[in-house]
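**Q** My questions will all concern the structure given below.
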Amino acid sequence: MARLVGGVGTSHVPSIGAAVDLGKTQEPYWKPLFAGYGPARQWMNDVAPDVAIIVYNDHASAFSLDLISTFLIGVADEFQPADEGYGPRTVPCVAGDSKLAWHLAESLILDEFDMAIANKMPVDHGLTVPLSIMCGQPNIWPCKVIPLCVNVIQYPPPTGLRCYKLGKAIRRALDIYEEDLKVVILGTGGMSHQLQGERAGLINEEFDINFLDQLSSNPDWVANISHEEYLMEAGSEGIEMVMWMTMRGALDVNVKEVYRHYHVPASNTAAGLIILENNDVGIRK
Ligand code: DHB
Ligand code: FE
């Protein structure tokens, strides 16, 4: 079976990617943020997953507002970095796992999650920045990646609860996969931030820390945070945090928090990162 060993929740701020690409990670503004990413990279390196499922949102890079799917899975063998207006990031092409992705698509759809399917799509900062955070700057990414997009751009996005249930369905699919694989799942976006309007620049540290505190031991409570609460407490772009709930839903009920990093500010956001491990998974075997 595909053994899910752990999950990562992390911000995906585009300028974090730019700081990596332009060699600015040791500059005073970025240094404390990147110092906190060291142990996360070590974890990723130690775990050495075969596949990372990355739950993220496309920011109108692959899909314009002409076509909006609530949930979408990428089944291609490769995904090129998207051109988001400044040329594509100079990061490696992302290798997919078509076989596992098609298995997930079939299992999720038969499990009543009506996924859209992408045979070809570029991947934007929502996916490539978390890879840079977790893997640094290798010549090729150290694992295959299955992109799973969630619409949080155009109202109405799915609820946190729906995203959590999607995570549980992903886990059911992994548990019946025929091949032995080691898998991690990433939920990206957040934490509190608002990029526009009167409250642009909003950061709510109390909300974010409580979210991180409750995620491991009280996931049902976190899954029931409403759209209105995200909007009020975490700002309009704080809604990205529903994608962390897909990651949490895929994990065991009981998980171990093995690492956390929280830093303000990273661009307009509070940058958060958490690593949760399933229990008794023989994670490094
Ligand atoms: C920023 C954060 C995001 O999550 C995003 O998708 C775009 C920009 C920012 O803080 O600059
Ligand atoms: Fe974003």
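The values are calculated or read from the model by the stated rules, or taken from the named source; none is laboratory data. Worth saying up front: this structure is predicted, and the values here are computed from it rather than measured. Quick reminder, even Gly has a Cβ in these numbers, built from the backbone with ideal geometry, and neighbours come from all protein chains shown. Note: accessible area is taken over every heavy atom of the protein model, side chains too, but ligands, DNA and RNA are not part of it. Shrake-Rupley method; radii C 1.70, N 1.55, O 1.52, S 1.80 Å.
**Q** Please list, ordered by chain and number, the residues whose modelled amide H lies under 5 Å from the amide H of Ile54; skip anything fewer than 5 residues away on the same chain.
**A** Ile146, Leu148, Leu186
**Q** So for the pair Asp175, Asp252, with labels modelled 7 Å out along Cα→Cβ, what separation do we get in nm?
**A** 1.3 nm
**Q** How do Trp244, Trp141 stack up against each other in accessible area, from largest to smallest, with a 1.4 angstrom probe?
**A** So, going from the largest accessible area down, we get Trp141, Trp244.
**Q** Ranked by accessible surface with a 1.4 Å probe, highest first, in what order do Phe63, Phe211 come? Walk me through the numbers on the way to the answer.
**A** Details: Phe63 55, Phe211 0 Å².
Result, largest first: Phe63, Phe211.
**Q** If you don't mind, another one. What distance in nm separates the simple spin-label points at Tyr262 and Arg199, each placed 7 Å from Cα in the Cβ direction?
**A** The modelled label-to-label distance comes out at 1.8 nm.
**Q** Put a dot 7 Å past each Cα toward the Cβ at Ile140 and Asp220; how far apart are the dots in nm?
**A** The two pseudo-label positions are separated by 4.5 nm.
**Q** Right, another one. Enumerate lysine pairs in the chain that are 8 or more residues apart or on different chains, then count those whose Cα atoms are under 28 Å apart.
**A** Number of lysine pairs found: 25.
**Q** I need the Kirkwood Rh of region 148-238: take the reciprocal of the average 1/r across all distinct C-alpha pairs and report it in angstrom.
**A** For region 148-238, the Kirkwood estimate is 14.8 Å.
**Q** Same structure, new question: When the chain is fully extended, how far beyond the present Cα-Cα distance does Asn279 get from Leu22, taking 0.36 nm per residue of separation?
**A** 88.7 nm
**Q** Give the ranking of Asp252, Asp213 by solvent-accessible surface, highest area first, calculated with a 1.4 Å probe.
**A** The ordering from most to least exposed comes out as Asp213, Asp252.
**Q** So what are the ³J(HN,Hα) numbers for region 33-47, from phi and the Karplus equation (6.51, -1.76, 1.60; θ = phi - 60°), rounded to whole Hz, Gly and Pro as x?
**A** Values, residue by residue: 5, 6, 4, x, 7, x, x, 5, 5, 4, 4, 4, 5, 5, 5 Hz.
**Q** Can you give me the P(r) profile for the chain? Cα pairs, bins 10 angstrom wide beginning at 0, each as a whole percent.
**A** 7, 32, 40, 19, 2, 0
**Q** Right, here's the next one. Taking 0.36 nm per residue of sequence separation and subtracting the Cα-Cα distance, how much length would be gained by fully extending the chain between Asp66 and Ile209, in nm to one decimal? Provide the component values of the computation, followed by the final result.
**A** Numbers: separation 143, 0.36 × 143 = 51.48 nm, distance 3.62 nm.
That works out to 47.9 nm of additional length.
**Q** Still on this model: May I ask you to give the solvent-accessible area per residue for the chain, in square angstrom, as obtained with a 1.4 angstrom probe?
**A** Per residue, the chain has 42 Å² of solvent-accessible surface.
**Q** If I compute solvent accessible area with a 1.4 Å probe over the protein chains, what percent of it on the chain is carbon and sulfur?
**A** Within the chain, the accessible surface is 51 percent carbon and sulfur.
**Q** Per residue of region 129-138, in order, report the coupling 6.51 cos²θ - 1.76 cosθ + 1.60 (Karplus, θ = phi - 60°) as ³J(HN,Hα) in whole Hz, putting x for Gly and Pro.
**A** Listing the rounded values in order: 5, x, 5, 5, 4, 8, 10, x, 10, x Hz.
**Q** Among Leu148, Leu33, Leu22, whose mean-square fluctuation peaks in a Gaussian network model of the chain (Cα, cutoff 10 Å)?
**A** Comparing Leu148, Leu33, Leu22 in the GNM, the peak value goes to Leu22.
**Q** Can you give the accessible area of Arg172 in Å² (nearest 10), computed on protein heavy atoms with a 1.4 Å probe?
**A** That residue has around 120 Å² of solvent-accessible surface.
**Q** When only Cα pairs under 8 Å and 6 or more residues apart are kept, what is the percent relative contact order across the chain?
**A** After rounding, I find 31 percent.
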